[in-house]
Amino acid sequence: MTTTPSVEPDLMDPALIADPYGGYGRLREQGPVLRGRTMDGGQAWYVTRQQDVRFVLGDPRFVNNPAAVPGVQVDNVRDKTLEKLGIPRELAHYLTESILDADGADHTRLRKLVSRAFTVRRVSELRPRVEAITAALLDGLPSTVDLIEHFAYPLPITVICELVGVPEVDRPAWREWGIALLSMNPEVIPGAVRDMVDHVRDLIRRRRAEPADDLLTALVHAQDEDGDRLSDDELVTMVLTLVMAGHETTAHLIGNGTVALLTHPDQLDLLRRDPSLWPGAVHELMRFCGPVQITRLRYAAEDLDLGGVRVRAGDAVQAVLVSANFDPREYTDPERLDVTRRPTGRGEGHVGFGHGIHYCLGAALARQEGEVALCALFERFPDLALVNAQQEWVQIPGSRRLAQLPVRLG
């Protein structure tokens, strides 16, 4: 189900959703910056090549909050989208005013409150616990199993909930809320958002009464010490963001990575013969089949030149990670999965976790979980095989994920 895309891409084009690698790849070769359509039918500049994607994500003249564009009234596409999904105004700000949407000093303030929980050192200290959770999940798998439901999701949701402070009894609800949010169904999304907000407010009340050794207690303490550092709504929004972002993408990195390795047995064989390749392999999997393929919209805060076109203040800009990660200007043979691939002087060598000040806060944890999960899975089950030769990918614009992944453990 592929067609040659027009010069003006449409994020909702079914062909582009079904074949993002081919579709956005063709767009990349048509031009580095193309005028296109957003989810609500508005206009945006699509940035397709890695050098320009890095520029957009790293330059402070591109902001996440449309209200931060001086002197220009900018339509907030996200507000319109949430309105179409039936989310009332009193709930919408919990989804549009997070650390992911903040710029400048606000972003720095919010990031400082949680960044210590995600340092490389802190993540390294978590590794034994990640390994223990992984082993316990693998112990309980039947011979034929949906790997998404019984392994890829439970591992990261358990880790992030333990880190934040969400009790075990409440964790299945987060999976259901996540499914509801991704459904794009206005009949279920508003109720899910309301339930999430009410749940987090209840967690905050419980942590005030009974502090624990978790991130939520630390955030409550920071707010109680100085209310200017974190408002009530910001505290709720931070917990929502950390839990949702902390498990959704990692779950699908594990699922996508499993499919990629099973369909590239030569690369899996390299990893089995040399397990020291796993850390680099996770980076290559993020490049090759990362679950996030497009960033949220950025807005030009002033007139500037981008990829040979003039972008005006207030224009929406969409960075396309999937085309950047396959840019032949940056990679030799980019269509090939190569677990021995190493960066050539540009940090990680890909933009799967983003770039600049909004680089994924939990990237180190996600990489560790991906490495531990995939290494243990293939070591424990050397005869692991896909039940279906072709996988059914969820048709969500800008995302690459599986609803199910049936496998035989052997």
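The values are calculated or read from the model by the stated rules, or taken from the named source; none is laboratory data. Please read all numbers here as calculations on a predicted model, not as lab measurements. Don't worry about glycine lacking a Cβ; one is built from the backbone with ideal geometry, like all the others, and counts go over all protein chains shown. Protein only, heavy atoms only, side chains kept; ligands, DNA and RNA dropped before computing areas. Shrake-Rupley method; radii C 1.70, N 1.55, O 1.52, S 1.80 Å.
Observations
- Among the conditions (1) buried (at least 17 other Cβ atoms within 10 Å of the Cβ); (2) in a helix (DSSP H, G or I), the only one that Gln318 does not satisfy is (2).
- Of all residue pairs spaced 6 or more apart or on separate chains, those with beta-carbon atoms under 6 Å, a first member in segment 105-132 that is more than 22 Å from Glu371 (Cβ to Cβ) and a second member that is open to solvent by less than 60 Å² (accessible area, probe 1.4 Å) and part of a helix (DSSP H, G or I) are Leu113/Ala222.
- Residue that is in a helix (DSSP H, G or I), under 27 Å from Leu110 (Cβ atoms) and either of a type in the set (Phe, Trp, Tyr) or open to solvent by less than 20 Å² (accessible area, probe 1.4 Å) (or both), where the choices are Leu240, Leu261: Leu240
- Total residues in segment 294-315, condition in a loop (DSSP other than H, G, I, E, B), at pLDDT 95 or above and charged (D, E, K, R): 4
- Sole residue being under 26 Å from Leu253 (Cα atoms) and β-branched (Val, Ile, Thr), chosen from Val169, Val77: Val169
- Residue within segment 273-280 that is over 15 Å from Gln391 (Cβ atoms), assigned to a helix (DSSP H, G or I) and free of Cβ contacts under 8 Å to residues at least 40 places away in the same chain present: yes
- Taking the criterion of being in a helix (DSSP H, G or I) and either open to solvent by 40 Å² or more (accessible area, probe 1.4 Å) or aromatic (Phe, Trp, Tyr) (or both), the residues of segment 40-92 that qualify are Gln51, Phe55, Gly58, Ala67, Ala68, Arg78, Asp79, Lys80, Glu83, Lys84, Arg89, Glu90.
- Listed by position, the helices (runs of 4 or more DSSP H) contained in segment 122-237 that have at least 1 residues being among the hydrophobic types (A, V, I, L, M, F, W, C) and under 20 Å from Leu110 (Cα atoms) are 154-164, 189-209, 215-225.
- Hey, His264 of a type outside the set (Val, Ile, Thr) and within 15 Å of the chain's Cα centre (by Cα) or not: no
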